Each structure stands twice: as structure tokens, then as C-alpha cells.
Amino acid sequence: MSALLEVSDLEAQYGWTRVLHGLSFAVENGQITTILGANGAGKTTTLRAVCQMVKTSGQVRFDGQRIDGKSTEDIVRLGIAHTPEGRGTFVELSVEENLRLGAYARRHRRALAEDYEKIYEYFPVLAQRRRQQAGTLSGGEQQMLAVARALMSRPRLLLLDEPSLGLAPLVVREIFRIVRTINEYERVSVLLVEQNAAIALDLAHHAYLLETGRVVMSGPAAEMKKDDAIRRSYLGY
Amino acid sequence: MDILIQQVVSGLATGGIYASLALALVMIYQATDVVNFAQGEMAMFSTYLAWSMLQAGLPYWVAFSATVTIAFVGGLLLERIVIRPVEGAPVLTIVIVTLGLLVIFNSVAGWIYSYIQKPFPSPFPSTPIKIGNVVFGAHDLGAIGITLLVLVLLFLFFRFTTLGLAMRAAAQNPVSSRLCGIRVSWMLGLGWGLAAAFGAVAGMMVAPVVFLDPNMMGGIQLYAFAAATVGGFSSPVGAVVGGILVGVTENLVGTYVSFIGTELKLTVALAMIIIVLLVRPTGLFGRTVVKRV
Amino acid sequence: MAARGGTAAEPKPAHAAGAAISAPARAGRWLGPIALVALIAFALALPAFVSGFRLYQFTQVLIYAIALLGLNMLTGFNGQISLGHGAFYGIGAYTAAIMMDRWNVSYVWTIPTAGLICLIVGFLFGRPALRLEGLYLALATFSLALAVPQVLKYFEEWTGGSQGIVLTKPMAPFGLKLTEDQWVYLFTLGVTLVLFALAWNLLRGRVGRALVAIRDNHIAAEAMGINNALYKSVTFGVSAAYTGIAGALSALAVAFVAPDTFNVFLSITLLTGIVIGGFATISGAIWGALFIQFVPNWAQDISKAAPWAIFGLFLIGFMYVMPRGIAGFLHMLWIRLSRSAVGRGKGR
């Protein structure tokens with residue numbers, strides 16, 4: 001198996017404060033990889049660094065090609081979709097317009113109509129609310145819209161930042177179910193950042209544990225789940 | 001009654017011009033949270049370019065289109081070159097930069113073309129049009145038509161094209177727009193370009209009425225400010241309605257309120273701005289934006 | 001900016017470094033007052049060396065300096081953008097002109113009256129302006145600047161309409177052997193010194209800190225017990241008063257007022273002055289005044305329009321490269337020089 005995303009010695013800083021200290025990890029093609037960690041460990045920053053939204057150094061390779069130093073817009077055009085922390089939906093635009101924007105950067109527009117259909121199949125709720133302003137959706141629906149918008153760009157890699165944040169357990173389960181389906185059927189690789197370690201480890205194939213900007217442990221999700229330290233600190237049993 | 005209708009129509013004509021300029025202001029404000037104090041002077045300068053082309057013997061509509069195109073490119077370049085370095089700077093900094101542009105445009109126009117007023121032709125016939133007992137100026141009707149046409153085009157552009165959608169998105173949420181692959185800073189540049197093109201149309205429509213001189217936009221810009229304030233700086237529809245309201249009010253007050261006449265017209269605009277800002281700072285159509293501290 | 005001395009020098013025992021620092025610091029403590037006394041002496045002696053038009057220009061520099069100090073209190077220190085201070089300048093000028101011409105009041109009384117009237121008008125304008133944030137205040141004041149000439153023309157019986165009012169220059173009192181220009185200069189200098197001393201006392205202490213606190217974070221300032229509303233509207237009033245006094249003095253110096261002098265470009269001129277001089281500085285008012293008085297004079301030789309093109313370029317250019325103006329630049333230079341002096345002292 002070859003790595004779709006390969007990150008080595010990644011450092012990132014906000015102003016004078018360094019947040020990531022030489023991070024290395026990989027996302028295998030077709031897999032779901034998760035990065036776990038407590039608040040402030042640098043999870044969100046890692047995703048932002050991959051998209052070059054913060055000042056970084058170190059190497060980031062996507063599909064073998066160096067993408068560090070490129071602009072965020074160009075990285076998105078290469079096939080990385082990012083659902084940011086706090087969802088980042090366009091609250092004043094309609095659901096449909098949000099999806100249209102998701103497809104803004106893609107090259108082949110022919111299959112566009114087909115993709116709308118597919119998205120509405122995955123997220124029937126959005127089909128009902130097509131013309132509604134995104135800001136009027138519930139939190140769970142907005143999260144779904146954020147994922148849907150990301151998928152509209154037909155990405156090869158989906159970066160998901162805390163999709164469970166502030167949502168009811170039932171809604172969270174629904175969203176994770178959809179992510180798994182998308183991974184299996186659409187062959188979209190996923191890099192998931194989560195505080196809720198239990199649900200993330202259930203979903204992922206591979207996991208990394210982040211502490212204050214460093215990878216302290218990594219391995220297949222199933223094995224990580226059995227680890228005593230992880231169980232005590234992150235799973236709570 | 002006839003005079004009333006006549007005054008309303010000529011108010012609509014000037015109102016349309018204020019609306020165009022106000023819309024230009026609002027477009028830039030929405031995209032960048034900046035009021036471009038040089039908007040009027042940019043329009044004035046564009047009108048001088050049109051005048052030069054007409055002097056050179058170009059047909060009116062050729063000069064018109066060329067001017068709009070040049071204004072568009074010029075606005076885009078201004079944003080890229082002059083405004084870009086201070087993007088995200090404090091309000092005061094950006095206000096000062098646009099004021100700098102204002103005086104530069106004003107003085108360069110005076111430098112090249114002198115401060116003597118010049119007549120500027122109207123593309124419409126000079127014979128008045130009579131409907132019933134009411135006489136309308138053909139230029140007034142034509143200006144209303146052109147303004148309407150431009151407004152409709154702009155509406156269609158923002159509502160239905162992907163580029164228009166991307167521009168709206170970039171104005172609302174730059175971070176997410178970038179994540180959609182939208183080149184946000186170019187969208188801001190496009191916004192400036194469109195605003196400048198718009199202003200150029202307004203300038204060419206108003207110049208036959210007020211005559212062409214480097215200071216011709218001073219008062220008009222004040223009315224455009226009033227229009228944008230009345231309608232609300234966050235609402236394009238508001239800018240249009242505000243422009244028309246201000247134009248009609250100005251004409252009616254000037255005609256019927258004797259102590260104001262034409263001498264205190266600017267003061268009326270000032271009063272409108274201050275009253276609206278005090279009573280309803282978001283304007284008639286604006287939304288309240290909650291700012292985080 | 002890393003200090004050259006600090007990085008280059010070896011770490012030394014604390015007392016050695018302390019001794020090295022104290023030498024330039026001591027020089028620094030004396031340099032200010034010495035420069036100030038020299039400046040005042042120079043200003044007092046000036047009428048002996050220059051006369052006529054040149055002296056009038058320096059009178060105008062003093063007048064601008066007062067106006068700029070007023071504007072800087074509001075915009076630089078307190079962060080309330082005013083693009084309409086030319087209006088207060090005009091109100092001050094017309095107050096003086098109407099009092100002298102219509103009511104035969106002595107010029108001496110016009111100065112405090114102009115200040116008082118502008119204080120009240122400014123306070124009243126500042127009261128509603130409290131609710132306007134940044135950009136909207138800029139808009140409202142800009143509109144004020146655009147509208148004022150019209151209003152001045154409208155009240156024709158008082159203001160003389162667009163013809164304006166012609167005044168006579170005041171004579172020197174007590175039989176002093178001074179020309180009118182010399183006396184106006186010295187009178188203006190006196191007023192300038194008083195107003196600068198007042199502003200210095202005000203802005204360097206508690207009040208100044210309160211103004212800056214409101215500018216930088218008004219909510220935190222309110223939480224610290226600063227009455228934002230009162231401070232902001234009083235600042236508006238005092239700022240307008242300073243500018244109004246400057247206007248009144250200009251009526252004396254020019255011996256003529258006309259409405260179109262007080263147009264929006266005067267307001268932009270004043271803003272240019274504080275941008276060039278330096279926001280939130282006192283000395284910046286003098287640098288700015290020198291700039292707006294003399295640069296247009298030189299530029300006029302190129303073209304009638306050139307002064308404004310140059311103002312525009314300077315406005316934009318300063319925002320890019322010297323956002324703290326000349327005063328801020330000199331301050332930084334001074335700090336660097338004294339630091340490198342420290343470095344040399346330590347290296348020895």
C-alpha cells in the first residue's frame with residue numbers, strides 16, 4: 001500500500017508560538033486515519049498545516065508530490081477537501097449554493113448533476129432543505145452540509161476536523177456512519193481529527209496520538225484501542 | 001401635480017445615479033469592510049477618459065464601453081497594487097489610503113484636464129418627451145433606463161453565475177472560500193473592478209447634468225454615502241432603494257421647501273446620514289452584525 | 001527589532017551594564033528640555049530674522065500645529081476618526097471674523113470664544129458620534145466637511161456669503177514697535193505655547209492613558225472604570241476647541257475668511273498633517289504643520305495640482321512604510337542610537 005499523504009518533520013507556528021514540533025505521519029490510500037489528542041495537542045493545527053493555512057516548515061507530500069509552500073487554494077484543487085473546525089458553512093447562502101461552492105474548484109463538471117443526486121442520497125435531510133439558508137440549519141445538519149460540501153469537490157482525501165463537536169450522540173453516530181460509507185464506496189481517504197477517541201478508533205484503520213505537538217504513539221486502530229495508557233487517558237475505562 | 005411627477009422622475013434619474021455609486025460602495029464594503037472614499041473620484045476620472053475618447057472622435061457607445069472596460073481593469077489593478085498591502089490593517093489606515101487615492105485622482109484630473117468645467121454629451125436626444133401634460137427630459141429617462149439595465153445585469157451575475165456566487169462567498173467567509181478553492185484575493189480585486197466600472201457608468205450619466213470638472217463628484221459622493229447609509233451598508237438592495245429615496249427626497253425638498261432650495265441640499269444629505277446613523281445605524285435593509293471582541 | 005548592542009555584546013556583570021546604560025540615559029533626560037528651550041528661544045527670536053510673507057508662513061505653521069494637536073487628541077490618541085476637522089477650523093475662523101467685523105469685539109476675546117463655541121459644538125457632535133464605530137464616524141465627519149461650506153454661504157447676513165469677510169490685522173498693544181505681522185506671530189506663539197503646555201499635561205498622564213486605553217480596547221477600558229462615553233465626547237469637544245482656536249487665529253493672520261477655504265480638502269490636509277507628523281504624539285503636530293505649510297508651497301512650482309498629488313502619495317506612502325509618522329520614526333531612531341551607544345559602552 002502506498003501513502004496518499006506523507007508528512008515529515010512538520011512544524012507550525014502562530015506568531016512566535018510554535019505549536020507543532022516535528023510531526024511525521026502518513027495516510028494510506030483508501031484508509032481512514034485518525035489523529036487523537038487532548039485539547040491543545042495541535043490536532044486542528046495539523047490539519048491547517050497540511051492545507052498551508054498556518055506558517056509551517058517540513059515536508060508534506062500528497063500523492064508523491066510536494067505540496068508544502070503551495071497556496072491553500074491550489075492544494076484544494078489537487079484533491080484535498082477540508083471540513084474545518086466550526087464547520088465553516090456559508091451561513092447566509094442556501095444549502096444548494098453551499099454545495100455549488102464545494103464544486104467550484106473541480107475540473108470535470110460533466111458529472112456534476114449526478115454528484116448532487118448522490119449527495120442528496122447520502123444526506124436526504126439536505127435535499128429537503130435545498131433552498132433554505134444554511135444558517136437556519138441545526139448543528140447536525142450544518143455538519144452534514146460541511147461534509148457534503150467537501151465531497152462535492154470530488155476529493156481523494158477528506159480532512160475532517162472534530163465532526164462530533166457539540167452534537168448529540170445519535171447525530172454523531174449518523175455522521176460517522178456516512179463517513180464510513182463514503183470511504184468504502186467512494187474510495188475517499190480520510191484524515192480525521194477527534195477528541196472523542198472511542199468513536200474515532202471504531203471508525204479508523206490507523207491512529208496517531210498527539211501530545212503537545214508531538215506524535216507519542218501510533219499503530220493500527222484496533223491495537224491502539226487495547227493499549228492501557230490510551231484506555232485510561234482517552235477512553236475512560 | 002404635473003410638476004410633482006416631473007420632479008419625481010428627475011429624482012428617479014439622479015437617484016439611480018446615487019444608487020449606482022452607493023452600490024459600488026456597498027460592494028466594496030461587503031467584500032472588504034472598507035468604504036472607498038475615492039469611489040466618486042474614480043468615477044470622475046473615468047468620465048474624463050470618456051471625454052478624451054469622444055474628443056478623439058470615437059462614437060459615444062464605443063467610448064462608453066471602452067471607458068467601462070478601462071475602469072474595470074483600473075479598479076482591479078488598484079486593489080491589487082494599492083489596497084492589497086494594507087488588507088486587514090486597522091480601519092483608519094485603509095480610510096487614509098483611500099483618501100490618498102481621492103486626492104491623487106482629483107489632482108491628476110485637474111493637472112491633465114484643468115479645473116475649467118467642460119460640457120459632456122448625453123447619448124439621448126435633447127428634445128423633451130411629452131406624455132400627457134407632463135414633460136420629461138430624455139436624458140433623465142435614458143439615465144433611468146441605463147441604471148436599471150446595469151442593476152439587472154449585476155443582479156443576474158451575482159445570483160446565477162458561479163463567479164458571482166464565489167464573489168459573494170469570498171466576501172462572507174474568506175477562510176471557507178479558500179477551502180473551496182476560491183482565490184479570495186482575486187475576488188476582492190474583481191469586486192473593486194466591478195465597483196469602478198459601475199462608478200464609471202454613474203459618472204457618464206451624471207456628467208451631462210452637472211458638467212465635467214474634477215470636483216463634480218464631491219456632492220454626488222455625499223449623496224451616495226447618504227444612500228448607502230439609508231439603505232444599509234450591508235445590503236445591495238438597500239443601496240438601490242436608498243439611492244432612489246435620496247434622489248427623490250432631494251428633488252422634492254429642493255422644490256417644495258423654500259428655505260432649503262438648492263443652497264442647503266448637501267446639508268440635507270448630511271442630516272439624513274446622521275439621523276439614520278443615530279436612529280437605525282444598520283440602515284433600512286441592513287442586518288446587525290455581531291462582532292467578537 | 002533586535003538591538004544591535006544587545007545581541008553583539010558579551011554578557012557582563014549587572015553593575016557594569018547598569019553604568020553603561022546610565023550615561024546615554026542621563027544625556028537623554030536632559031536632551032528633551034534643552035531641545036525644547038532651544039526651540040522656544042528660536043521661535044521667539046524668529047521675527048528678528050524673517051519678515052513679511054516668510055513670517056506669515058511661520059505663523060501659519062503654529063496655527064496648523066494647534067489644529068493638528070487637536071485632531072491628534074481625537075484621532076491619534078482616542079482612535080475616533082475625524083475627516084471633518086476642517087469644519088471646526090471654519091467655525092472658529094467665522095466666530096472670530098463675525099465678532100470682530102460685525103460686533104467690533106477685540107480680537108483677544110475672539111480666541112477663547114471660538115474655543116468655547118467649538119468645545120460646545122464638538123461635544124454636541126461627539127455625543128451622538130459615540131454610537132458610531134470607526135468607519136461610520138469617518139463617514140459622518142466626512143459628510144460634515146462636505147456640507148459646511150454650503151452652510152456658511154447660506155447664512156449670508158452673518159457670513160457675507162461666498163464673498164466672505166475682510167478683516168483688519170490687529171496692531172501691537174502698549175505701543176510696542178512691532179509690525180502687525182510680527183505681533184500676530186508673537187500672539188499666536190503665545191497661544192500655541194499655552195495650548196501645548198496644557199495638552200502636554202493632559203496627554204502625558206492619567207487622561208492620556210485613559211484615551212489610549214479606550215482606543216485600544218474600549219470594553220476593557222470600561223471594565224477598568226473609565227467612563228468611555230464621557231471621555232470620548234469630552235475629547236471630541238476639546239479636540240474641536242483646539243482646532244477652532246486655530247481657525248480663529250488663522251482669521252487674524254490672513255485677515256480674511258471665505259467659505260470655500262473650509263472645504264473637505266482642508267480636513268484632508270489636517271489629516272495628512274497628523275499622518276505625516278505621527279499619530280498619538282505631541283511633537284508630531286509640529287512636524288505635520290511644517291509639512292502641510294511648506295511642501296505645498298514648493299510643489300506649487302511644479303503645477304497647481306501637484307501639492308495634492310504629493311499629499312496623496314505621502315498619505316499612502318506613510319501608511320506603508322512609516323505608519324507612526326515622523327515623530328514615531330525619530331523616536332525609534334533615538335532608541336536605536338541610544339541602544340547602540342549602550343552596546344559600545346559595554347564592548348569597551
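The values are calculated or read from the model by the stated rules, or taken from the named source; none is laboratory data. Since this is a predicted model, take the numbers as computed values, not measurements. FYI the Cβ positions are ideal-geometry reconstructions off the backbone, even for glycines, and counts take in every protein chain you see.
In the set (1) within 17 Å of the chain's Cα centre (by Cα); (2) free of Cβ contacts under 8 Å to residues at least 60 places away in the same chain, B:TYR223 fails one condition alone, (2). For the condition in contact with a Pro (Cβ under 9 Å, 6 or more places away or on another chain), part of a helix (DSSP H, G or I) and either away from every other protein chain (no Cβ under 14 Å) or of a type outside the set (Gly, Ala, Ser) (or both), B:THR229 qualifies. Give the residues of region C:292-329 that are away from chain B (no Cβ under 11 Å), at negative phi, touching a residue at least 24 places away in the same chain (Cβ under 8 Å) and not basic (Lys, Arg), sorted by residue number. Selection gives C:ILE292, C:GLN293, C:PHE294, C:ASN297, C:ILE326, C:ALA327, C:GLY328, C:PHE329. Considering region C:125-159 alone, what residues qualify as being farther than 20 Å from B:TYR223 by Cβ and either free of Cβ contacts under 8 Å to residues at least 24 places away in the same chain or among the β-branched types (Val, Ile, Thr) (or both)? C:PRO128, C:ARG131, C:GLU133, C:PHE155, C:GLU156, C:GLU157, C:THR159 - these are the residues of region C:125-159 that are farther than 20 Å from B:TYR223 by Cβ and either free of Cβ contacts under 8 Å to residues at least 24 places away in the same chain or among the β-branched types (Val, Ile, Thr) (or both). Every test in (1) within 11 Å of chain B (Cβ to nearest Cβ); (2) at pLDDT 75 or above; (3) surrounded by fewer than 18 Cβ atoms within 10 Å (Cβ to Cβ) is passed by C:ALA147 save one, and that test is (3). Pairing each residue of region B:266-282 that is within 9 Å of B:VAL230 (Cα to Cα) with any residue that is outside any helix (DSSP H, G or I) and among the acidic types (Asp, Glu), provided the two are 6+ apart or on different chains, yields C-beta distances under 9 Å for B:PRO281/C:GLU133. Taking the criterion of being more than 12 Å from A:SER24 (Cα to Cα), of a type outside the set (D, E, K, R) and surrounded by 16 or more Cβ atoms within 10 Å (Cβ to Cβ), the residues of region A:50-69 that qualify are A:CYS51, A:GLN52, A:MET53, A:VAL54, A:THR56, A:PHE62, A:ILE67. Check whether at least one residue in region B:156-171 is away from chain A (no Cβ under 14 Å), over 23 Å from A:ALA146 (Cα atoms) and out of contact with any His (no Cβ under 6 Å at 6 or more places or on another chain), and report yes or no. Yes, region B:156-171 contains a residue that is away from chain A (no Cβ under 14 Å), over 23 Å from A:ALA146 (Cα atoms) and out of contact with any His (no Cβ under 6 Å at 6 or more places or on another chain).
The residues of region B:85-100 that are of a type outside the set (Ser, Thr, Tyr), closer than 11 Å to B:PHE37 by Cβ and more than 7 Å from chain C (Cβ to nearest Cβ) amount to a single one, B:ILE94. With respect to being in a helix (DSSP H, G or I) and either more than 8 Å from chain B (Cβ to nearest Cβ) or over 17 Å from C:THR75 (Cα atoms) (or both), C:ALA280 falls outside the description. Among the residues in region A:56-65, are any basic (Lys, Arg), more than 14 Å from A:ALA12 (Cβ to Cβ), part of a helix (DSSP H, G or I) and more than 15 Å from the chain's Cα centre (by Cα)? So far as region A:56-65 goes, no, none of its residues is basic (Lys, Arg), more than 14 Å from A:ALA12 (Cβ to Cβ), part of a helix (DSSP H, G or I) and more than 15 Å from the chain's Cα centre (by Cα).
Exactly one residue out of C:ALA172, C:ALA129, C:ALA138 is buried (at least 21 other Cβ atoms within 10 Å of the Cβ) and either more than 10 Å from chain B (Cβ to nearest Cβ) or at pLDDT 80 or above (or both): that is C:ALA138.
In region A:188-230, of all residues being among the charged types (D, E, K, R) and over 20 Å from the mean Cα position of the chain (by Cα), the one that is surrounded by the fewest Cβ atoms within 10 Å (Cβ to Cβ) corresponds to A:ASP228.
Pairs meeting the criteria (first residue in region B:102-115 and facing chain C (nearest Cβ under 7 Å), second residue among the basic types (Lys, Arg) and surrounded by fewer than 24 Cβ atoms within 10 Å (Cβ to Cβ), beta carbons under 8 Å, at least 6 apart or on different chains) are B:GLY110/C:LYS304; B:TRP111/C:LYS304.
Considering each of C:ALA220, C:ALA197, C:ALA253, C:ALA210 in turn, give the residue that is within 14 Å of another protein chain (Cβ to nearest Cβ), in a helix (DSSP H, G or I) and farther than 21 Å from C:GLY84 by Cα.
Just one listed residue meets the conditions, C:ALA220.
Here's a check for you: in region C:63-90, which residue that is hydroxyl-bearing (Ser, Thr, Tyr) and assigned to a helix (DSSP H, G or I) is surrounded by the most Cβ atoms within 10 Å (Cβ to Cβ)?
It comes out as C:TYR89.
On inspection, A:VAL171 passes the criterion of being away from chain B (no Cβ under 14 Å), modelled with pLDDT of 85 or more and within 19 Å of A:LEU192 (Cβ to Cβ).
Pairs are defined by a Cβ separation below 7 Å, a sequence spacing of at least 6 or placement on different chains, a first member in region B:35-52 that is touching a residue at least 12 places away in the same chain (Cβ under 8 Å) and surrounded by fewer than 24 Cβ atoms within 10 Å (Cβ to Cβ), and a second member that is outside any helix (DSSP H, G or I) and basic (Lys, Arg); the pairs so defined are B:TRP51/B:LYS118.
Here's the yes/no breakdown for (1) free of Cβ contacts under 8 Å to residues at least 60 places away in the same chain; (2) of a type in the set (Ser, Thr, Tyr); (3) buried (at least 22 other Cβ atoms within 10 Å of the Cβ):
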{"site": "A:ASP115", "(1), (2), (3)": "yes, no, no"}
{"site": "A:TYR122", "(1), (2), (3)": "no, yes, no"}
{"site": "A:VAL125", "(1), (2), (3)": "yes, no, no"}
{"site": "A:ARG129", "(1), (2), (3)": "yes, no, no"}
{"site": "A:GLN133", "(1), (2), (3)": "yes, no, no"}
{"site": "A:SER138", "(1), (2), (3)": "yes, yes, no"}
{"site": "A:MET144", "(1), (2), (3)": "yes, no, yes"}
{"site": "A:LEU151", "(1), (2), (3)": "no, no, yes"}
{"site": "A:ARG154", "(1), (2), (3)": "no, no, no"}
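Tell me which residues, restricted to region A:165-179, are touching a Leu at 6+ places or on another chain (Cβ under 8 Å) and under 13 Å from A:GLU141 (Cβ atoms). Residue satisfying the conditions is A:ILE175 alone. Selection within region B:179-190: residues that are buried (at least 24 other Cβ atoms within 10 Å of the Cβ) and assigned to a helix (DSSP H, G or I). The member of this set that is farthest from the other protein chains (Cβ to nearest Cβ) is B:LEU188. Does region B:102-127 hold any residues that are closer than 28 Å to C:LEU271 by Cβ, of a type in the set (S, T, N, Q) and buried (at least 17 other Cβ atoms within 10 Å of the Cβ), and which are they? Hits for region B:102-127 are B:ASN106, B:SER107.
Against the numbered list (1) surrounded by fewer than 19 Cβ atoms within 10 Å (Cβ to Cβ); (2) touching a Gly at 6+ places or on another chain (Cβ under 9 Å); (3) away from chain B (no Cβ under 14 Å); (4) not charged (D, E, K, R), C:ILE335 comes up short only at (2).
Can you tell me which residue within region A:70-90, out of those that are facing chain B (nearest Cβ under 9 Å), touching a residue at least 60 places away in the same chain (Cβ under 8 Å) and touching an Asp or Glu at 6+ places or on another chain (Cβ under 8 Å), is surrounded by the most Cβ atoms within 10 Å (Cβ to Cβ)? The qualifying residue surrounded by the most Cβ atoms within 10 Å (Cβ to Cβ) is A:HIS82.
Can you tell me which residue within region B:128-155, out of those that are assigned to a loop (DSSP other than H, G, I, E, B) and of a type in the set (Gly, Ala, Ser), is surrounded by the most Cβ atoms within 10 Å (Cβ to Cβ)?
B:GLY137
Taken as a whole, the structure leaves C:PHE265 outside the set of residues that are surrounded by fewer than 24 Cβ atoms within 10 Å (Cβ to Cβ), at pLDDT 80 or above, assigned to a loop (DSSP other than H, G, I, E, B) and within 20 Å of the chain's Cα centre (by Cα).
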